[in-house]
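S.K.: Below: one structure in structure tokens.
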Amino acid sequence: MTEVRRLQPQFPTLERQRDADHFGMLIFLSTEVLIFGGLFVALFVLRAQHSAEYAKSSMEMHYWLGGINTAVLLTSSAIVALMVEAVKSGSARLAKWLLLAAIALGLAFVAIKFTEYALEYRDGVVPLLSPAHLRPGAGTLFMDLYFVATGLHALHVFGGMTLLACLIWPFGRARRDTSAVFAGNAALYWHLVDVIWIFLYPTLYLAR
Amino acid sequence: MTEALSHMNPRVSQEAIPDTAEERRSYLAEGHSLKSWLTTTDHKRIAILYLLSITFFFACGGVAAALIRLDLLTPAPDLMTNDGYNRAFSLHGIIMVWFFLIPSIPTTFGNFLLPLMIGAKDLAFPRLNLASWYIFVFGGLATLATVVLGGVDTGWTFYTPFSSTYSNGAVFMAIVAVFISGFSSILTGINFIVTVHKLRCPGMTWGRLPLFVWSHYATAIIFVLATPVLTITLVLVALERVVGIGIFDPHLGGDPLLFQHLFWFYSHPAVYIMVLPAMGVVSELITNAAHKQIFGYWFVAGSAIAIAVIGFMVWGHHMFVSGQSPYASAIFSFLSIVVAVPSAIKVYNWTATLHKGDIVIDGPLLYALGFIGLFTVGGLTGLMLTMLPIDVHVTDTYFVVAHFHFIMVGGSVSAFFGALHFWWPKITGRLYNDKWARISALLIFFGFVMTFGPQFLLGYEGMPRRYHVYPAVFQPLNVMSSVGASVLAVGYLFPLLYLMWSLRYGKPAGPNPWGATGLEWTTPSPPPKHNFETVPVVDKQAYCYPVGGRGEQSRPRTQQAEAGE
Amino acid sequence: MNLYLWPTQASHYAGQVDWLIGGFGLLVIALAAPVFILSGIYLIRFRHGRQVDRGNAERGNAWLETSWALIPFVLVLGFYVVSTKMFFEQQSPPDNALTINVVAKQWMWKFQHAGGQAEINELHVPVGQPIRLVMTSQDVIHSLYLPELRIKQDVLPGRYTQEWFTASDTGRFAIRCAEYCGTDHSVMGGQIVVQTPADFARWQAQAGADKSLAQRGHELFDRLGCAGCHGGNAQGQDAAVRAPPLIGLYGRPVPLADGSIVTGDDQYIHDSIMLPNKQVAAGYKPIMPPFGNVLNEEQVAQLGAFIRSLGTGEDK
């Protein structure tokens, strides 16, 4: 994590250092996009090769819950964007409350996700653990990829929440940095986690 | 006149030379404790940490290679069992690819030189740089753990369903090792890209960057965009192996070709990670040896970017006989021809740079010429492989083994040694005995050709790769190859000896023993911790050597002294 | 010691491949030679210490750069066209090709002729006759490599791949596995024995096949109870358990439950037996039990031959 305000020797100006931090974060996010990209390729190949099975499995997903989760994440992203503005305008306390709200929404997302997992366990469509009603072949493969993709995404949600929480403690002074370096980077990460879900939701839940 | 006697050679002295004033003020003198090295954020020290680590892994991979070539002296399985041999070549591939070649030039010379070349005091994220090294070391330890756990026998390519379902080697640990090393690559890539964008000194425009920097920039793009795909692919294989979910195993409902597509989508760009930095090195060495501006700067710089971009579009040429659609094969064949063009441009431009140069033939130049010769042969055999009927016959044979060793070993490792010799005086402050450098370069070149040249014929004759037992008719060529390997090993060992010798007995190099352009040569040798006392300001193109040659006055002292050779 | 300098050409195609690499080799030598020759000349001519005119050296020349990029590219493209055409011909066996089923497993090659003869690691074929190998793997990916014929094709589990050739010389040639497959990968091989038609016919007769592939398939069909749903003569049933008719299935378009249409080829038949719910025929319930754990690939090939034979209504 960068030291707010302390100029590192390799940078000529603080502004250049901030630029570099921001740019570095963007490049890191592109690596995250490519990690999920591999999973999306697997899903698209499955869709292309077994479209009927894929659609059938997708239609059995709890798309209402998934839809609510989409709204939850979108709202939290908006809140995080407001948080960055709050930091930039010097309202460190407001930023703290906004962070707590965003983290709460993140927790809500995870709670809903695990509820879905529990429902899927009850429905008997979890490979290995509860496979009673799994369709062999493409149906199983769909659920495999669903759990890997949403599981990996949930891990990233935890990572994002940790970053946001760090802005409250122990890096609370980063909220007082009006150039919002750390806050901006944490927000970027959170937005990416949201964007990945925006793509995951239709890919997994809305295939017909 | 024998030059073995060091007192005759002006670069090396008979008595140990104590630390010079520059050395006492250099980055090497900032703390001598282990802790100062293990907690450093100085890019130069981190480069040395990497140099030691990759040398260690090169030795490990080399031991595996020695075992392989020893066993292949005879057609019978007399040195190792079949399983043992399979573990040997798998370990050789995994170590050499991920723990030697991919990091080699970027993490050693890239780390050391990138800030110096652009007039910066360090990389953009020094602590991330140190983290990269630690991650690399953990990945390496995991690889060694694989050996202790009985070894992995899937080949470095981990093809499913053998790796995910059938192998009984330490596949999971091997996957963990490679998975970890991927993060080291990604962090280095991020660091390099941000550094080149944000830390160039005043006047250092993109058009004045040394070609070494362009190459490393292109390499960093591949680090960042390709490695994550390997990461997720390995995760999926591990899940299939450990948990049993079926993604790649058809008996579990999966598709083995999906693995190959995902794997090669990373692994083909990965080979450009292994060669682009070497090409950057060669541009520096050739321009300095010829003491002349590079021919076609923008074509050479642009070709590095072109190779990086087009390199993402050709992965299917590893899969011509895999069962993929013939139409896909035809498209990949065409694109693979396209990707060869920028490499050809570089080779032609290096040759044209020599024209009307003022060429001094020393160790670094011989290594650079070795690269050009061997890379050209390797690259042209690659062009042969893009022709579908040829590939159908020789894929998965020793023809391909020869092809990629020509590029990665004949090419990249030669360039690595060239870089080691060229920048040794800058890194250590000492000169070395160039006669031994030239001997080593020639030993490496001829040893290499003897090792891998016969393998082209072996492959065309039908000897598949990864064969422990082989038909007796192939023995003569295998023996020739193994003998060449011992010459090559000696060639690789010599620099270790005379370079270490130079640390005590080499004469002080001074800031610019080769009369080279480039900001790194304006600092003391070795440089101080923060590289530049005052931030440099650049107002000239790269490789701004005086027109018309060196002239007597500009000839470096060391070369004048050797005029009597 | 026999200096084996060039592999035998066992087919006309092999000769074509050799010409291709020979010609292409000449092209690449022509493209590379200037580099080696000129480098050598320049190293000597412009070596430091030689008094020679070094002035007015060009820093670049866009025309030169473009031409030495484009001209080799276009020349190579010429070879690309020839090569790709050859490749596509190699993907399409002629209609009169003799089909032989191949099953690869760790670590052996099993061949089944249409006449029922089974071989392990040795394959007898007649000379001058196109031979089509339909291949699948029992376990991991293998690759059937016939170096003297210059052909190779990976053999996948769960899928059929094919390669074809016409041998032009009699003799014994190598069969090698070319995709790393585990412990005994390097000893997984054998010989292909190319014989005159007369010798081949003699071999077929004494190879001890009392039943053809299709007859064996018919036996399996009865023994495993397929007739229970598909009918004793595979005509389909109108009983409580309804199953599609198999007569004339082979090669015919099959409408699937999801609305798409596939061809009833070897792969479709294979998957319908091993993983029936992967592609369900339109109008039928997905109730066929999978036989993936009951049958091995050779038996599936026999059933496939039987169903193929139903296409004409005959049972050989």
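The values are calculated or read from the model by the stated rules, or taken from the named source; none is laboratory data. Given the structure is predicted, the values throughout are model-derived calculations rather than measurements. Note: ideal-geometry Cβ built from the backbone for every residue, glycine included; neighbour counts use all protein chains shown.
S.K.: Looking only at residues in region C:266-315 that are under 16 Å from C:L246 (Cβ atoms) and among the acidic types (D, E), which one is surrounded by the fewest Cβ atoms within 10 Å (Cβ to Cβ)?
M.R.: C:E314
S.K.: Report yes if some residue within region B:35-44 is touching a helix residue (DSSP H, G or I) at 6+ places or on another chain (Cβ under 8 Å), basic (K, R) and surrounded by 14 or more Cβ atoms within 10 Å (Cβ to Cβ); otherwise report no.
M.R.: Yes - at least one qualifying residue is present in region B:35-44.
S.K.: Does any residue of region B:436-453 turn out to be over 26 Å from B:L52 (Cα atoms), in contact (Cβ under 8 Å) with a residue 12 or more places away in the chain, outside any helix (DSSP H, G or I) and within 14 Å of another protein chain (Cβ to nearest Cβ)?
M.R.: No, region B:436-453 has no match at all.
S.K.: Take the conditions outside any loop (DSSP other than H, G, I, E, B), in contact with a Leu (Cβ under 7 Å, 6 or more places away or on another chain) and more than 20 Å from C:L220 (Cβ to Cβ) and apply them to C:V254. Does it pass?
M.R.: no
S.K.: Follow-up. Conditions first: (1) more than 14 Å from every other protein chain (Cβ to nearest Cβ); (2) surrounded by fewer than 23 Cβ atoms within 10 Å (Cβ to Cβ). B:L79 passes all but one, so which condition is the exception?
M.R.: For B:L79, the exception is condition (1).
S.K.: Helices (runs of 4 or more DSSP H) wholly in region B:275-388 with at least 1 residues that are of a type in the set (D, E, K, R) and either closer than 18 Å to C:P34 by Cβ or at pLDDT 95 or above (or both) - which ones?
M.R.: Passing ranges, in order: B:326-354.
S.K.: Of the conditions (1) closer than 27 Å to B:W214 by Cβ; (2) surrounded by fewer than 18 Cβ atoms within 10 Å (Cβ to Cβ), B:S53 satisfies every one except a single condition; which number is it?
M.R.: It fails just one condition, (2).
Residues are listed down the side, and each one gets a yes or a no for (1) more than 21 Å from the chain's Cα centre (by Cα); (2) surrounded by 22 or more Cβ atoms within 10 Å (Cβ to Cβ); (3) small (G, A, S):
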| residue | (1), (2), (3) |
| --- | --- |
| B:F422 | no, yes, no |
| B:I444 | no, yes, no |
| B:G447 | no, no, yes |
| B:Y460 | yes, yes, no |
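S.K.: Going residue by residue through region C:90-110, is there one that turns out to be part of a helix (DSSP H, G or I), without any contact (Cβ under 8 Å) to a residue 60 or more places away in the chain and under 34 Å from the mean Cα position of the chain (by Cα)?
M.R.: Looking through region C:90-110, at least one residue is part of a helix (DSSP H, G or I), without any contact (Cβ under 8 Å) to a residue 60 or more places away in the chain and under 34 Å from the mean Cα position of the chain (by Cα).
S.K.: Within region C:1-35, can you find the residues that are in a helix (DSSP H, G or I), facing chain B (nearest Cβ under 7 Å) and aromatic (F, W, Y)?
M.R.: Residue satisfying the conditions is C:F24 alone.
S.K.: Same structure again: Please specify each residue of region B:192-217 satisfying the condition of being at the interface with chain A (Cβ under 10 Å from one of its Cβ atoms) and under 18 Å from A:T13 (Cα atoms).
M.R.: B:V194, B:T195, B:H197, B:K198, B:L199, B:C201, B:P202, listed by residue number.
S.K.: Let me ask another. Going through region A:144-184 one residue at a time, which ones are aliphatic (A, V, I, L, M), touching a Lys or Arg at 6+ places or on another chain (Cβ under 9 Å) and part of a helix (DSSP H, G or I)?
M.R.: A:A154, A:V157, A:L167, A:I168, A:V181, A:A183
S.K.: Sticking with this structure for a sec: For C:V134, all conditions in the list (1) more than 10 Å from chain B (Cβ to nearest Cβ); (2) in contact with a helix residue (DSSP H, G or I) (Cβ under 7 Å, 6 or more places away or on another chain); (3) under 30 Å from C:V28 (Cβ atoms) hold save one; what is the number of the exception?
M.R.: (3)
S.K.: To continue, here is another question. Considering region C:177-233 alone, what residues qualify as being assigned to a loop (DSSP other than H, G, I, E, B) and more than 14 Å from chain B (Cβ to nearest Cβ)?
M.R.: Correct list: C:T196, C:A207, C:G208, C:A209, C:D210, C:K211, C:S212, C:L224, C:G225, C:G231, C:G232, C:N233.
S.K.: Give the residues of region B:289-310 that are in contact (Cβ under 8 Å) with a residue 60 or more places away in the chain, surrounded by 19 or more Cβ atoms within 10 Å (Cβ to Cβ) and either under 30 Å from C:E89 (Cβ atoms) or within 12 Å of chain C (Cβ to nearest Cβ) (or both), sorted by residue number.
M.R.: Scanning region B:289-310 gives B:A289, B:A290, B:H291, B:K292, B:Q293, B:I294, B:F295, B:Y297, B:V300, B:A301.
S.K.: Follow-up question, since we're still on this one. If B:Y166 passes every condition in (1) surrounded by fewer than 24 Cβ atoms within 10 Å (Cβ to Cβ); (2) in contact with a helix residue (DSSP H, G or I) (Cβ under 9 Å, 6 or more places away or on another chain); (3) of a type in the set (S, T, Y) but one, which one does it miss?
M.R.: Every condition holds for B:Y166 apart from (2).
S.K.: Search region B:515-531 for residues that are over 13 Å from B:C544 (Cβ atoms) and pair each with any residue that is aliphatic (A, V, I, L, M) and outside any loop (DSSP other than H, G, I, E, B) when their beta-carbon atoms are under 7 Å apart and the residues are at least 6 apart or on different chains.
M.R.: B:E520/B:L113; B:E520/B:L116; B:E520/B:M117; B:T523/B:L116; B:P526/B:L28; B:P526/B:I427; B:P527/B:L116; B:N531/B:L116
S.K.: While we're on this one: Considering only region A:1-105, give the helices (runs of 4 or more DSSP H) lying wholly within it that have at least 2 residues that are more than 14 Å from chain C (Cβ to nearest Cβ).
M.R.: By residue number, A:14-49, A:63-88.
S.K.: Which condition number in (1) more than 14 Å from chain C (Cβ to nearest Cβ); (2) surrounded by 19 or more Cβ atoms within 10 Å (Cβ to Cβ) is the one that B:Y134 fails?
M.R.: Among (1) more than 14 Å from chain C (Cβ to nearest Cβ); (2) surrounded by 19 or more Cβ atoms within 10 Å (Cβ to Cβ), the lone unmet condition for B:Y134 is (2).
S.K.: Consider region B:331-368. How many of its residues are within 7 Å of chain C (Cβ to nearest Cβ) and without any contact (Cβ under 8 Å) to a residue 60 or more places away in the chain?
M.R.: Going through region B:331-368 one residue at a time, the tally reaches 9.
S.K.: If you check every pair at least six apart or on different chains, which have Cβ atoms under 7 Å apart with a residue in region C:53-72 that is within 8 Å of chain B (Cβ to nearest Cβ) first and a residue that is basic (K, R) second?
M.R.: Sorted first by the residue in region C:53-72, then by its partner, the pairs are C:R54/B:K356; C:A57/B:K292; C:A57/B:K356.
S.K.: Scan region B:207-216 residue by residue and report those that are buried (at least 24 other Cβ atoms within 10 Å of the Cβ) and in a helix (DSSP H, G or I).
M.R.: B:L211, B:F212, B:V213, B:W214, B:S215, B:H216
S.K.: Any idea which of B:V97, B:V63, B:V148 is β-branched (V, I, T) and crowded, with 19+ Cβ neighbours inside 10 Å?
M.R.: Within the list B:V97, B:V63, B:V148, the selection yields B:V97.
S.K.: From the list B:L67, B:L123, B:L73, which residue is in a helix (DSSP H, G or I) and either modelled with pLDDT of 95 or more or within 14 Å of chain A (Cβ to nearest Cβ) (or both)?
M.R.: The conditions single out B:L67.
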